[in-house]
Amino acid sequence: MFMRVERCLAMVVLHCQVLIDADTDCGIRLPWGTTNPREITNAYPSFIQKILIGPSSEKRLIYVLKLFNGTASPKGAVWIDCGIHAREWIAPAFCQWFVQYLIDSQDTMITDILKSFEIYILPIWNVDGYEYTWTTDRFWRKNLSKHHRGQCRGTDLNRNWDASWCGPGASNNPCSQTYCGRHPESEPEVKAVATFIRQRSDHIKGYISIHSYSQMVMFPYSYKTSKSKDHKELNYIAQKAVTAVRSVHGTNYRYGNSATSIWEGRAQLPGAAEDRRA
Ligand SMILES: [Zn+2]
């Protein structure tokens, strides 16, 4: 199981960078909700299932795509999400490209992985913020939830998880880019994903969240500098992914537990999605 998770992470990071190297045009406005998932699930009903996990703050629908091999008995699942931060356009572009890549691939590594795992892909998590970056503010980061006081909108969805919520590195000011929200999982987008994953906590073996920009493979902890009990294994997996990326065009990724290795103890990120299950 471990080796397969390792291959899955290496594949995801590698192909994300390949997309960037190819100067992929992520300036195409991707459908946030129904259109693309409906088309793709209708085209490949035996490979993809579309799962509605809830409405956003502005009542847009958030869909997860489940990719599977209908003839196999998967031993687990891997979760991949894109677009938690609205302005990081390459992330939703990657997730949607990756779905098609998995479907079309004849590579035995891909088909082997799909025999062992179901893959849950959330192509655009922050659907409201993503739309807002197209219509109003290209560099918007948060969701669009309204707050009781003041005129500032939005919560940083990657500071809203129940993992040392709103500690150092997050803000309780609704006008801040790192506003943590009213309480853990106060935002419907975070609540929807947290509930979905909790309901499948024994089944989901790996969690991957795609951001931009920079070239890093980060793993827990983000909110504290100590190492997780899985540190050695996570470090090994990250190193494999980084080696795979470098083998294509020599692109160098940094890797490590984010609070210590990546930020060298200078920054901590409380309430981040990556820490929730660590
Ligand atoms: Zn981000």
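FYI, it's all coordinate maths here, none of it is from the lab. In this text the structure is predicted, and so the values were computed from the model without any measurement. Heads up, the Cβs are rebuilt from the backbone with ideal geometry, glycines too, and the neighbour counts pull from every protein chain shown.
In this simple spin-label approximation, Lys146 and Asn173 carry label points 7 Å from Cα along the Cα→Cβ vector, and these lie 2.4 nm apart. When the listed pairs Lys142/Lys191; Lys142/Lys229; Lys142/Lys240; Lys115/Lys205; Lys205/Lys240; Lys75/Lys232 are checked against a 20 Å cut-off, the alpha-carbon distance exceeds it for Lys142/Lys229; Lys142/Lys240; Lys75/Lys232.
Enumerate the amide H contacts of Ala77 below 5 Å, restricted to partners 5 or more residues apart or on another chain; note that Pro and chain-start residues carry no placed amide H. Here the answer is Glu118, Ile204, Lys205, Gly206, since their amide H atoms fall under 5 Å of that of Ala77. Distance between the 7 Å Cα→Cβ label points at Asn42 and Ser201: 3.9 nm.
One decimal place: the segment Ser214-Asp230 gains 3.3 nm when fully extended, by the rule 0.36 nm per residue minus the C-alpha distance. Entry note: segment 36-106 has Rg to Rh equal to 0.98, where both radii use alpha-carbon atoms and Rh is the Kirkwood radius.
Listed from fewest to most Cβ neighbours within 10 Å, the set Cys95, Cys152, Cys82 follows the order Cys152, Cys95, Cys82.
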